[in-house]
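The values are calculated or read from the model by the stated rules, or taken from the named source; none is laboratory data. All figures in this text were calculated on a predicted structure; none of them were measured in a lab. Glycine gets a Cβ as well: all are built from the backbone with ideal geometry, and neighbour counts include every protein chain shown. For the accessible areas, the whole protein counts, side chains as well, though only heavy atoms, and no ligand, DNA or RNA atoms are used. Shrake-Rupley method; radii C 1.70, N 1.55, O 1.52, S 1.80 Å.
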Amino acid sequence: MTPFPETTPGALAGLKVLDLSRVLAGPWCTQILADLGADVVKIERPGAGDDTRHWGPPFLKDENGNDTTQASYFTACNRNKRSVTIDMATEDGQQLIRQMALQADVVVENFKVGGLAQYGLDHESLRALNPRLIYCSVTGFGQDGPYAERAGYDLMVQAMTGMMSITGRPDSEPGGGGLRVGVALIDLFTGVYASSAILAALNVRHSTGQGQHIDMALLDVGMAILANQAAGFLATGQAPTRQGNSHPSLAPYQDFPTLDGAMLLAIGNDGQFARFCAAAGQLQWAQDERFATNTLRVKHRAVLIPAMEAVTRTRTTADWIALLEDKAVPCGPINDIAQAFDDAQVQARGLRVEQPRWPAGEVGDGVARIAGVASPLRLSATPPVLRYAPPALGQHTDEVLRELGLDAAHIAALRASGVL
């Protein structure tokens, strides 16, 4: 990501996004748009802000290396946004947000179904003011159906969709039982799908001049990303089960013990298997009719995998990686996150980025710089840009309100009355 937005405008430069969302799915969506150059204004509660500002530990450090009260969770999904504090429960606050919506291209919100109607900030109300507005609602279960009124959280949806039934060790093994994925995968995918839907709606608006309502549900996304596991069930009627790190349709495709730990071997075709066997000095496996094809290897994995494990234990992880690297056999370490950031390829791709929170050099809240993970979107002509670090609460309130036409006296009055 380039730190020079003034000379490299993003692909979505000029797009205005009003972000009324909190926690992860909505903010992940708007961060994608922001990284691509959109001007994203995040509305937060005065004095409290997004819930994730308080979801710690871990916390951000001050310039002396001490914990602040600001959770690092917030920084994962709020880069490149401007933070404005407005109390939308007040009439003046609602009017300010409506003014912003008049100038916006996109609104993203994740309130409960109908929750913004009481403030006059729901889709129908804002569309009446701005017919070009693209309004994206993110909920747990969608705008209709018997669960529409329920609150929905990633963990709950992972359980409901069957994601946890295919994640973890089998019940028969030590540590067996359903597990959640290590990050809020469904929230994250919902944010990615939502950003795609918004871009699609923008393309339609180019020809129609009209915005539309986007209904994003964690449940829908959770079912969609079951992918091949759902396809297998729909084809056979048999629900897949947990099988640890092995693959239901490929073998060998899992973790293997080594002399000093473990490695990941991901063999996806017969040629790769034959090359592995040759490198490992086990040509008889490639010649064994039980292992001649992937389908046969899956059928006979109970024989193949223990035999392979006996051999993989004879070399270190690094030795196996070095041995297989030029054989086009996918093999790699099982890193922790610290090791992942130390990886040469991760470093070469610049995947750790660091930004000053206060560009002018002042440290208004004790946090001088914030590290994060670079956007994975690589556009040759209009790459993602770094403009703002994840903001302090209300850091840009005065700036954004001045852009709306409010003078200093008006802003001071709103602040004194508790609207800001």
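Below are the figures for this structure:
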| item | result |
| --- | --- |
| Sequence-distant lysines (8 or more away, or on other chains) whose Cα lies within less than 28 Å of Lys16 | Lys42, Lys81, Lys112 |
| Within the accessible area of the stretch 341-420 (1.4 Å probe), percent carbon and sulfur | 54 percent |
| Accessible surface, per residue, of the stretch 157-198 when the full set of protein chains is kept, probe 1.4 Å, Å² | 46 Å² |
| Share, in percent, of DSSP beta bridges within the stretch 1-159 that are antiparallel, nearest 5 | 10 percent |
| 5 angstrom amide H check on Ile370, placed H, neighbours 5+ away | Gln355, Arg357 |
| Accessible surface, the stretch 233-281, averaged per residue in Å² (probe 1.4 Å) | 47 Å² |
| GluC sites (Glu not before Pro), loop per DSSP, at most 15 other Cβ atoms within 10 Å - longest free stretch of the chain | 150-361 |
| Cα Rg, Dmax, the stretch 335-382, angstrom units | 14.0, 38 |
| Fraction of accessible area attributable to carbon and sulfur, the stretch 240-305 (%, probe 1.4 Å) | 53 percent |
| Contact order relative to length of the chain, as percent, for alpha carbon pairs under 8 angstrom and 6 or more apart | 21 percent |
| Label assignment, Cα Rg over 2.2 N^0.38 Å derived from the structure, set (i) 1.09; (ii) 1.16; (iii) 1.02 | (ii) |
| Per residue solvent-accessible surface (Å²) - the stretch 1-94, probe of 1.4 Å | 39 Å² |
| Length-normalised contact order of the stretch 225-279 in % [C-alpha pairs under 8 Å, at least 6 apart] | 18 percent |
| Mean Cα-pair separation over length for the stretch 1-124, i.e. relative contact order, pairs under 8 Å, 6 or more apart, % | 30 percent |
| Relative compactness, the stretch 117-202, computed as alpha-carbon Rg over 2.2 N^0.38 Å | 1.48 |
| Accessible-area composition of the stretch 32-188, carbon plus sulfur, in percent [1.4 Å probe] | 52 percent |
| Helix-derived mean residue ellipticity, 222 nm - over the chain, DSSP H n ≥ 4, -39500 (n - 2.57), to 500 | -10000 deg cm²/dmol |
| At R0 = 41 Å, FRET efficiency that the Cβ-Cβ distance of Arg98 and Val192 yields, to 0.05 | 0.90 |
| Per residue, the convex hull volume that the Cα atoms of the stretch 51-107 enclose (Å³) | 117 Å³ |
